[in-house]
Amino acid sequence: MTTTSHQTFPATFPEGFLWGGATAANQIEGAYAEGGKGLSIQDVMPKGIMELPTEGPTEDNLKQVAIDFYHHYEQDIALFAEMGFKVFRFSIAWSRIFPCGDEETPNEEGLAFYDRVLDELERHGIEPLVTISHYETPLHLVRTYDGWTNRELIGFYERYCRVLFERYGERVKYWLTFNEINSVIHAPFLSGGIPTPKEQLSQQDLYQAIHHELVASARATRLARQIMPEAKVGCMILAMPVYPLTPDPSDVVAAMDAEHANYAFGDIHCRGQYPGYLLRHFRDNGIELEITDQDREDLTHTVDFVSFSYYMSICETADPAKKAQGAGNIMGGVPNPTLEASEWGWQIDPQGLRVVMNDYWERWQKPLFIVENGLGAVDELVEADGVKTVVDDYRIAYLNDHLVQAREAVADGVQLLGYTTWGCIDLVSASTAQMSKRYGFIYVDRNDDGTGTLARYRKKSFDWYRQVIATNGATLQ
Ligand code: BG6
């Protein structure tokens, strides 16, 4: 008689699980014109994605200073270490390394800054997880080349990757090619540096730009394997499960179609070719992409793991009368009548995380990495026993409930490498460019009007997360 081993699938987070936090350069660094940095799209987005970009930098752009991580990184990394972080996800500002994006040689001062960040992480035994491009295409590439609609960007991006891999390859094992690559469908300027307003952008140009990004991502993966055989390269997807609003089969098909728009990016990254449903979309909409034989070969260099952000789920319906648009992370959807929402209208759905993890794992059979999850909320700084803090029980509840569902997914057999909460230290919001939308375990004294001392304070969730990490999740309830 044979027996089944129940040891194969851990019932909880595996040993060596990478606990930590995540950020992006433009949302934390500040020093927007220091160290030889060029301008990026973020320098002309003072209001986030809510308004059209400005001509040039304006003083009301909170990201010019952000939380000044550029000058506070030692202090901030020490605080992460105090929480017991095993991993820290941050992005490299492309315009610090190549100020215009199309230069032949990189900016040494920019490279040296990330050397110092890596030194500090090493000192504290924290593993770096680097996003190569997180919503900050150099502005020059937008103004001169029309962003990712232009094939030339593939070469510029590859050159940028080569510089990063050669410089940091010995020290960085985990790399992500593009943040939330599928968001380009909804936010072409933010995600693809495409200057044409979304309403005027043709599907043809949009998908050609997407194709260029996908080829660039695959080329980066191939290059990483050549330069750093030990490295692991992941794609990064904005995960937002789509439920049918009702059991009506037409709603189920509408939800399936909406899911396809997002699955496509993971399918191509993991299977190395375009899926049938996307080719059908091209055929039905008269889209004819320029795809070379070399592109097809490039795309076969698939990723090692799939990383994703998860904040919420949405619904979809085939009934035009019910097609209300709710708020959401870059893309909204039809609101779910059974769920509560955050102060910014993002619907909270911890079980959706388990759903998405099972889905992705079954679909791609690649290890997963949750690289963003968290609650953006208004925090009130109070004084308790002479110490300033924030009593953020709402954040603790949100994170606890999501982590419990992540643990359920692990028990379901999903292979999960790690979990980094979004905005582990307060930062400037991507969608609204506010400071008041806070995600952190660490409060940063800076306000929406730019005032504040930039002092850092530990919130109640700081100690909560420290205990979660120390017990490898055993304190979750
Ligand atoms: C993700 C982005 O979409 O969501 C982050 O990768 C962003 O850059 C995060 O900050 C949260 O969104 P927001 O708009 O609340 O900052």
Where does the chain land at 222 nm, in deg cm²/dmol rounded to the nearest 500, when only DSSP H runs of n ≥ 4 count, each adding -39500 (n - 2.57), divided by all residues?
-11500 deg cm²/dmol
Provide the per-residue ³J(HN,Hα) series for segment 147-161, in order, calculated from phi with Karplus coefficients 6.51, -1.76, 1.60 and θ = phi - 60°, each as a whole number of Hz, with x at glycine and proline positions.
x, 6, 5, 9, 4, 4, 5, 4, x, 5, 5, 5, 5, 4, 4
Principal axis lengths of the chain from Cα atoms, whole Å, largest first?
66, 63, 53
Translational D in µm²/s for segment 335-477 (Stokes-Einstein at 4 °C, 1.567 mPa s, Kirkwood Rh from C-alpha pairs)
79 µm²/s
Over 26 Å between Cα atoms, which of Lys366/Lys437; Lys437/Lys459; Lys86/Lys232 qualify?
Lys366/Lys437
Solvent-accessible area per residue for the chain (1.4 angstrom probe, square angstrom):
39 Å²
Just check segment 129-198 against the gyration tensor rule for me: Cα atoms, a ≥ b ≥ c as the square roots of the eigenvalues, rounded for a/c under 1.5, and otherwise prolate or oblate depending on whether a/b exceeds b/c.
oblate
Please state the relative contact order of the chain as a whole percent: Cα pairs under 8 Å, 6+ residues apart?
18 percent
With a cut-off of 8 Å between alpha carbons and a minimum separation of six or more residues, what is the relative contact order of segment 195-282 in percent?
20 percent
Starting from the residue with the highest accessible area, list Thr421, Thr54 in decreasing order, probe 1.4 Å.
Thr54, Thr421
Residue by residue, what Karplus-based ³J(HN,Hα) values in Hz, rounded to whole numbers, does segment 460-466 have, using 6.51, -1.76 and 1.60 with θ = phi - 60° and x for Gly and Pro?
4, 5, 4, 6, 4, 5, 4
Would you mind pulling out the separation of the Cα centroids of segment 181-233 and segment 86-132, in Å?
20 Å
Could you tell me what percent of the accessible area of the chain is made up of carbon and sulfur, with a 1.4 Å probe and every protein chain present?
50 percent
For Val334, list long-range residues whose amide hydrogen, built 1.01 Å from N in the peptide plane, is under 5 Å from its own amide hydrogen.
Cys315, Gly326
When the solvent-accessible surface of protein heavy atoms is calculated with a 1.4 angstrom probe, in what order do Val355, Val215 fall, highest first?
Val355, Val215
Long-range HN-HN contacts of Leu18 with modeled amide H, under 5 Å:
Gly418, Tyr419
To the nearest whole percent, what portion of all C-alpha pairs in segment 394-447 is separated by more than 19 angstrom?
42 percent
Give me a comma-separated list of calculated 3J(HN,Hα) values for segment 285-294, in order, Karplus coefficients 6.51, -1.76, 1.60 applied at θ = phi - 60°, integers in Hz, x for any Gly or Pro.
10, x, 8, 10, 8, 8, 10, 8, 4, 5
Using the Kirkwood radius built from alpha carbon pairs, what does the Stokes-Einstein equation give as D for segment 80-155 at 4 °C and 1.567 mPa s, in µm² per second?
93 µm²/s
Square roots of five times the C-alpha gyration tensor eigenvalues of segment 46-99, ordered largest first and given in whole Å, equal 28, 13, 12
Relative to the compact globular guide of 2.2 N^0.38 Å, what is the alpha carbon radius of gyration of segment 52-179, as a ratio?
1.12
Sites removed, the longest contiguous part of the chain containing no DSSP-loop GluC sites (Glu not before Pro) with at most 14 other Cβ within 10 Å is 381-477
Please give the solvent-accessible surface of Tyr394 in Å², to the nearest 10, using a probe radius of 1.4 Å with every protein chain present.
90 Å²
Over the Cα atoms of segment 178-306, how large are the radius of gyration and the largest Cα-Cα distance (Dmax), in Å?
15.6, 51
Could you give me D for segment 1-115, from Stokes-Einstein at 20 °C and 1.002 mPa s, where the hydrodynamic radius is the Kirkwood radius over C-alpha pairs? Units µm² s⁻¹, please.
127 µm²/s
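The values are calculated or read from the model by the stated rules, or taken from the named source; none is laboratory data. Since this is a predicted model, take the numbers as computed values, not measurements. Please note: Cβ atoms are built from the backbone with ideal geometry, for glycine as well, and neighbour counts cover all protein chains shown. Remember, those area values only see protein heavy atoms, side chains included, never the ligands or the DNA or RNA. Shrake-Rupley method; radii C 1.70, N 1.55, O 1.52, S 1.80 Å.
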